[in-house]
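For reference, the structure discussed in these notes is given below.
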Amino acid sequence: MAAVLEARGLSKSFGGLQAVADIDFAVAEGEVLGIAGPNGSGKSTLFNILTKVPFAADRGTVLLDGRPIQGRRPHEIARLGVARTFQRESVFPSLSAIDNVLLAAEGARRGGFAACLAAAEQALDLAGFPATLHNMPAGQLPVFLRKLVMIASALALQPRVLLLDEPASSLTPQEIERIRALILKLVGAGMTILLIEHVLPLLTAVSDRLMVLDHGTLIASGRPAEVIADPAVIEAYLGRER
Amino acid sequence: MDLPTLISILQSGLALGVLYALMAFGLAIVWTTLGIFNFAHGAFIAAGAYLAWQFGNAAAFGLGYWAGAVLAVAAMFVIGAVVQLLLVRPFERHRDIVLLTVITTLAGATIITNLLNVIWGPRMKQIEPALDGEIVFGLVHMRSQEAVMIAVVAVTLFALGWFLLRTPLGRSMRAVAQNREAAQLMGLDVRLLYALTFGLAAAVAGLAGVFIGSIRFMSPTMGDDPLQKALVVVILGGVARFTSSVYAAFAVGIIEAFSTYFVGLYWTPAVLFGLMILVLIVKPEGLFGRRQRSV
Ligand SMILES: Nc1ncnc2c1ncn2[C@@H]1O[C@H](COP(=O)(O)OP(=O)(O)OP(=O)(O)O)[C@@H](O)[C@H]1O
Ligand SMILES: [Mg+2]
């Protein structure tokens with residue numbers, strides 16, 4: 001099957017620190033590629049250089065539906081269909097929840113105001129955001145709802161591929177369960193997803209394939225059950241975690 | 001103090017307030033959106049006045065007051081965007097952007113002021129007012145030009161508020177101001193929005209220049225004093241909301257009018273700056289501000 005998003009030889013260093021080292025991967029249409037690794041292993045940096053927000057890769061190629069995108073500017077990459085959420089709940093605090101999502105629909109340039117508003121409402125519904133809170137300033141929402149606003153905004157771009165950076169972090173078990181259900185719903189609708197997650201049960205439950213980073217390099221990839229049992233992975237986690 | 005005196009003080013405070021609101025708007029929106037302080041803002045005010053004079057006055061192109069004002073404001077929009085491109089964009093995302101752009105915008109201010117001097121000469125000019133005479137409304141006697149100014153500024157401020165809150169472009173500008181990176185992920189062209197924001201700030205500064213040029217004499221440095229006042233307004237009001245600096249502008253206008261009456265023109269700047277320092281000490285986010293940086 002043709003890859004929706006493919007990376008070849010992606011690298012990024014900060015001074016002497018090699019945060020992402022020569023990473024290759026491809027994710028196929030409708031596939032969920034899980035990304036695991038200890039703290040500081042380069043997972044978020046990988047998302048940063050894929051989206052060029054806030055910085056580009058030092059080296060490497062990124063292909064979206066077979067076409068190179070790393071020469072494009074960050075907002076163009078977003079409009080072409082690479083959507084992403086941040087690890088920290090990152091919203092526009094004084095804009096209402098609906099305006100946050102509306103902005104994404106407008107940013108994607110898909111039709112006039114009415115069409116964008118409808119797309120925004122649909123995205124919030126899909127994310128399971130309560131309709132009664134649409135007009136609440138996003139900065140005043142609790143963490144979980146801010147995460148939903150962030151996910152809905154990404155969905156409103158109608159992306160080709162969705163990059164989720166630790167959607168379950170700092171949530172309660174019930175909320176994590178809802179995130180899991182949401183991801184599975186998106187998968188059911190055919191969404192292609194890259195998922196970074198520390199909550200391993202969530203990661204293994206929704207991922208078709210798993211790749212594990214350590215010190216910026218790919219140390220294992222394959223079916224979740226096999227990867228989790230890989231001695232190199234166990235050592236990376238137990239040997240150095242936290 | 002008798003009632004007519006009180007009314008005339010309030011009236012001049014109101015006239016000052018609307019001018020200060022216009023001037024502060026541009027400073028505040030550039031600060032919140034681009035995170036820099038634009039020292040060329042005063043020069044934008046002067047340039048707007050000279051352009052309006054050039055387009056409008058009988059001695060120059062003679063297109064009349066309103067056509068002159070509109071063309072000047074449009075030209076200032078373009079000039080503002082170009083200034084952003086040349087003096088601010090090269091330092092975008094630089095660690096020391098605030099300091100670097102203090103220097104480049106100060107340089108820009110000097111260049112614009114000198115250009116005004118070279119093109120129009122240091123001789124005092126004045127824009128012919130749109131209306132002569134005065135209007136009388138009970139105890140209120142007001143120069144017609146001043147009434148026009150108050151009305152136009154009120155409409156402009158409402159239009160700007162509506163633009164920022166209700167239009168897609170305004171929403172995008174507020175979003176970029178609040179979270180640059182999230183805005184990029186939403187497909188917003190941050191560079192373009194920065195240039196548009198700077199252009200809008202310059203256009204509104206130009207409008208302030210047009211009004212100042214038609215109630216006082218113009219000189220290439222006529223924007224220096226307004227820039228100082230706008231700074232006081234922005235610091236007093238804070239930038240949490242678009243309306244914060246508008247309220248602060250009226251407060252400063254009225255305080256200035258009373259202070260001019262009671263302690264005289266000479267000491268009024270000292271009163272204002274003293275007040276500003278006091279606010280910086282006790283409420284650094286501004287009188288009407290929250291701590292957060294947003295429009
Ligand atoms: N802007 C930056 N400047 C310098 N170093 C950075 C920067 N961003 C990340 N790093 C470093 O790069 C390495 C990888 O960081 P990254 O945030 O990608 O890790 P991560 O796998 O997402 O970790 P976590 O699980 O804690 O989120 C870390 O050592 C981090 O300190
Ligand atoms: Mg991370």
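The values are calculated or read from the model by the stated rules, or taken from the named source; none is laboratory data. What you see is a predicted model; the values in this text were computed from it and never measured. Positions of Cβ are backbone-derived with ideal geometry, glycine not excepted, and every protein chain shown enters the neighbour counts. The area values use the complete protein model at the heavy-atom level, side chains included, leaving out ligands, DNA and RNA. Shrake-Rupley method; radii C 1.70, N 1.55, O 1.52, S 1.80 Å.
Observations
- Pick from the stretch A:55-85, criterion within 16 Å of A:E29 (Cα to Cα) and among the small types (G, A, S), ranking: nearest to the other protein chains (Cβ to nearest Cβ): A:A83
- Enumerated helices (runs of 4 or more DSSP H) restricted to the stretch A:51-128, each holding at least 3 residues that are closer than 18 Å to B:E181 by Cβ: A:74-80, A:97-107
- 3 or more residues among the small types (G, A, S) and either more than 14 Å from the chain's Cα centre (by Cα) or modelled with pLDDT under 95 (or both): qualifying helices (runs of 4 or more DSSP H) within the stretch B:148-220: B:168-178, B:190-215
- Per the listing A:R223, A:R146, A:R180, the residue uniquely in contact (Cβ under 8 Å) with a residue 12 or more places away in the chain, among the basic types (K, R) and more than 24 Å from B:M186 (Cα to Cα) is A:R223.
- Residue within the stretch A:88-99 that is away from every other protein chain (no Cβ under 12 Å) and crowded, with 22+ Cβ neighbours inside 10 Å present: yes
- Taking first residues from the stretch A:48-64 that are in contact (Cβ under 8 Å) with a residue 12 or more places away in the chain and in the same structural domain as A:S13 (by TED's automatic domain parsing) and partners that are within 15 Å of ligand 1 (Cβ to nearest atom) and in a loop (DSSP other than H, G, I, E, B), the Cβ contacts under 7 Å between residues at least 6 apart in sequence or on separate chains come to A:N48/A:P54; A:N48/A:F55; A:I49/A:F55; A:I49/A:A56; A:I49/A:A57.
- Which listed residue is touching a residue at least 40 places away in the same chain (Cβ under 8 Å) and at positive phi, from A:G111, A:G128: A:G128
- Picking from residues in the stretch A:1-57 that are among the hydroxyl-bearing types (S, T, Y), open to solvent by 10 Å² or more (accessible area, probe 1.4 Å) and out of contact with any Lys or Arg (no Cβ under 8 Å at 6 or more places or on another chain), the one that is nearest to A:G190 (Cα to Cα) is A:S44.
- Unique match (being over 14 Å from the mean Cα position of the chain (by Cα), more than 16 Å from ligand 1 (Cβ to nearest atom), aliphatic (A, V, I, L, M) and open to solvent by 20 Å² or more (accessible area, probe 1.4 Å)) among A:A131, A:A123: A:A131
- Qualifying residue in the stretch A:58-80 (condition: in contact with an Asp or Glu (Cβ under 6 Å, 6 or more places away or on another chain), within 16 Å of ligand 1 (Cβ to nearest atom), open to solvent by 30 Å² or more (accessible area, probe 1.4 Å) and not basic (K, R)): no
- Candidates B:A109, B:A130, B:A147, B:A151 - the one that is in contact with a Phe, Trp or Tyr (Cβ under 6 Å, 6 or more places away or on another chain) and either surrounded by fewer than 18 Cβ atoms within 10 Å (Cβ to Cβ) or over 26 Å from B:T32 (Cβ atoms) (or both): B:A130
- Any chance A:E175 is more than 19 Å from A:I23 (Cα to Cα), among the charged types (D, E, K, R) and free of Cβ contacts under 8 Å to residues at least 12 places away in the same chain: no
- Residue in the stretch B:182-197 that is hydroxyl-bearing (S, T, Y) and surrounded by 16 or more Cβ atoms within 10 Å (Cβ to Cβ) present: yes
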